[in-house]
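Each remark here refers to the structure printed beneath this line.
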Amino acid sequence: MKSKIPTLMANGLILSMLFVLLGCYYDKEEILYPELNNCTPAANPLFSADVLPILNRKCNNCHGGSSPSAGIKLDTHTEVLKYVNNGSLMGSINHLAGFSPMPKNTGKMSQCEIDKLQNWINSGKLNN
Ligand code: HEC
């Protein structure tokens with residue numbers, strides 16, 4: 001009788017190759033790091049669709065609600081403008097000397113998120 005062991009080994013090999021292939025297929029950047037998905041810095045980002053979602057995700061667990069950190073609220077256009085206009089928003093996000101680095105206690109935001117905020121400022125800081 002012919003041994004079944006080589007066949008079993010061959011099957012095992014094919015199966016593991018399949019897993020490796022499937023594994024690589026799903027290792028897509030956008031799936032592993034979902035925030036890259038919505039981060040193509042448009043030339044004219046919108047406050048409502050681009051800026052506020054970033055602030056809500058990265059800042060407003062501290063700077064939103066009824067007792068915001070340091071009294072700084074970043075959840076409306078009017079409030080955000082104050083810190084854009086005095087330079088502290090971009091100063092703290094870019095970790096410039098003289099500003100508290102933000103988001104506090106975590107790494108810098110991705111360059112893409114920073115670019116979105118900067119492009120929104122450059123294109124007129126509109127409440128759009
Ligand atoms: C974990 C809480 C927390 C998060 C998250 C956070 N902040 Fe802050 N932020 C603070 C505190 C507390 C201060 C007061 C200064 C200090 O303690 O460093 C502050 C201060 C600031 C200041 C004033 C800085 C200065 O030097 O004048 C700005 C502007 C600011 N935050 C913006 C942001 C932005 C924008 C984000 C998101 C990218 C963010 N913060 C995320 C807690 C936070």
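The values are calculated or read from the model by the stated rules, or taken from the named source; none is laboratory data. All values reported here derive from a predicted model rather than from experimental measurement. Cβ placement follows ideal geometry from the backbone for every residue including glycine, while neighbour counts extend to all protein chains displayed.
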Legend entry - Breaking point among (1) at pLDDT 95 or above; (2) more than 13 Å from the ligand (Cβ to nearest atom), for E30: (1)
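This table checks each residue for (1) under 17 Å from N60 (Cα atoms); (2) in a loop (DSSP other than H, G, I, E, B); (3) among the hydrophobic types (A, V, I, L, M, F, W, C).
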| site | (1), (2), (3) |
| --- | --- |
| Y83 | yes, no, no |
| L89 | yes, no, yes |
| H95 | no, yes, no |
| F99 | no, yes, yes |
| M109 | yes, yes, yes |
| I114 | yes, no, yes |
| I121 | no, no, yes |
Legend entry - Test result for A49, assigned to a helix (DSSP H, G or I), surrounded by fewer than 13 Cβ atoms within 10 Å (Cβ to Cβ), within 10 Å of the ligand (Cβ to nearest atom) and without any contact (Cβ under 8 Å) to a residue 40 or more places away in the chain: no
Inset, instruction - Tell me, please, whether a residue that is exposed (fewer than 10 other Cβ atoms within 10 Å of the Cβ), under 15 Å from the mean Cα position of the chain (by Cα), hydrophobic (A, V, I, L, M, F, W, C) and modelled with pLDDT under 65 can be found in region 3-24. - result: no
Inset, instruction - Can you give me the number of residues within region 61-111 that are of a type outside the set (G, A, S) and either farther than 21 Å from D50 by Cβ or within 8 Å of the ligand (Cβ to nearest atom) (or both)? - result: 20
Inset, instruction - Starting from residues that are in a loop (DSSP other than H, G, I, E, B) and either of a type in the set (A, V, I, L, M, F, W, C) or within 14 Å of M109 (Cβ to Cβ) (or both), keep the ones in region 53-81 and report whichever is farthest from the chain's Cα centre (by Cα). - result: I72
